[in-house]
Amino acid sequence: YQRRVREAVVSTQSTGVGGIEPLLDTFFGFLRRKTDFFTGVMQNKAEGMVLDAFRKHCDQAIKEKEKKAASDKFEKPIPKPEPATIEEITTEGAKAMAPPVLEKEAPSAPVDESKLEEGEESEKGKLVPNSGNGANYDHYSFTQTLEELEVRVPLGGSYKSRDCKIDIKDRSLSVGLKGQEPIIKGELFAKILTDEAMWHLEDNRVVVLTLEKFNKVEWWGTIIKGDNEISTKKVQPENSKLGDLDGETRGMVEKMMYDQRQKAAGKPTSDDEKKAETMRKFMEQHPEMDFSKCKWG
């Protein structure tokens, strides 16, 4: 939530007053998802509380503006202009004055097929996940948790937010510059919640998108279908912050992670173990029956 607010503030600062809606939407969206502000015992008072807070800060802003206007009436001394000088700029000086060049991360490498375990033949040709459980491509990179994705798209130069053309749908994505071919465009790996999607421009050079997954117990192989996928069996679950999940979701995720580790080691999954335990108890309760010719799956 804190990251979403920070991104909304950055978007507001870059687009002016007209960009305040994402910040308000993020704040009230948090209240809707995480509290009973709209539906609880304070339901009848919620709107009034919002208006009271608005009027309080509106009055304070007007007073601060009037105070500043009054202080500006006093004549301020006009600084004496410095004589113009011509300074020779060396090559080293020009490099120092130039905008910083963002270092490009190395593309993700394919998995080492010689180290694949039995039953992992489907992982051949896939990529090793980066430190954020995502991948680095030539034209974009992404990281993920079980709930969210962060997509970073370098623009190849310095631009303003108004120069960008971003189209986010629940099953497709297009990112690029106006008047140019999109840098990435295509069908998403899976469905997202468009109401929670946000983007901002970082250092005027990189579009950063935050996308919330519709299915929050699934690792994405890539962002755009058709791009080389990562080996989801190689992700590091500890990066997913299980402590932030609710009890039911956390239980499902932990079960999925356990089964994933068991399969990778060639061992029975939690469902297999449950079936075996049920059969063991049944055999103990019926010693008169002969199970020697039974085939166990």
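The values are calculated or read from the model by the stated rules, or taken from the named source; none is laboratory data. Nothing here was measured: the structure is a model prediction, and the numbers come from that model. Here Cβ is always computed from backbone atoms with ideal geometry, including for glycine, and neighbour counts include all displayed protein chains. What goes into the accessible areas is simple: the full protein's heavy atoms, side chains included, and nothing from ligands, DNA or RNA. Shrake-Rupley method; radii C 1.70, N 1.55, O 1.52, S 1.80 Å.
Observations on the structure shown:
- Residue within the range 197-216 that is free of Cβ contacts under 8 Å to residues at least 12 places away in the same chain, in contact with a Pro (Cβ under 9 Å, 6 or more places away or on another chain), farther than 30 Å from D259 by Cβ and open to solvent by 40 Å² or more (accessible area, probe 1.4 Å) present: no
- Restricting the range 169-189 to residues that are more than 19 Å from L201 (Cβ to Cβ) and assigned to a strand (DSSP E or B), the residue that is least open to solvent (accessible area, probe 1.4 Å): L188
- None of K234, K275 is out of contact with any strand residue (DSSP E or B) (no Cβ under 8 Å at 6 or more places or on another chain), at pLDDT 75 or above and closer than 24 Å to V111 by Cβ except K234.
- Where V208 falls short, out of the listed (1) within 13 Å of the chain's Cα centre (by Cα); (2) closer than 14 Å to S141 by Cα; (3) part of a loop (DSSP other than H, G, I, E, B): (3)
- Of the residues making up the range 146-164, those that are open to solvent by 30 Å² or more (accessible area, probe 1.4 Å) and outside any helix (DSSP H, G or I) number 9.
- Top-ranked residue of the range 111-138 - restricted to ones that are free of Cβ contacts under 8 Å to residues at least 60 places away in the same chain and in a helix (DSSP H, G or I), ranked as surrounded by the fewest Cβ atoms within 10 Å (Cβ to Cβ): S114
- Those residues of the range 105-130 which are modelled with pLDDT under 90 and in contact with a strand residue (DSSP E or B) (Cβ under 8 Å, 6 or more places away or on another chain), in sequence order: E105, A106, P107, S108, A109, P110, V111, G125
- Residue count for the range 217-228 under the criterion of being open to solvent by 40 Å² or more (accessible area, probe 1.4 Å) and over 13 Å from I184 (Cβ atoms): the result is 2.
- Flag for S141 being among the small types (G, A, S), open to solvent by less than 60 Å² (accessible area, probe 1.4 Å) and within 25 Å of N130 (Cα to Cα): yes
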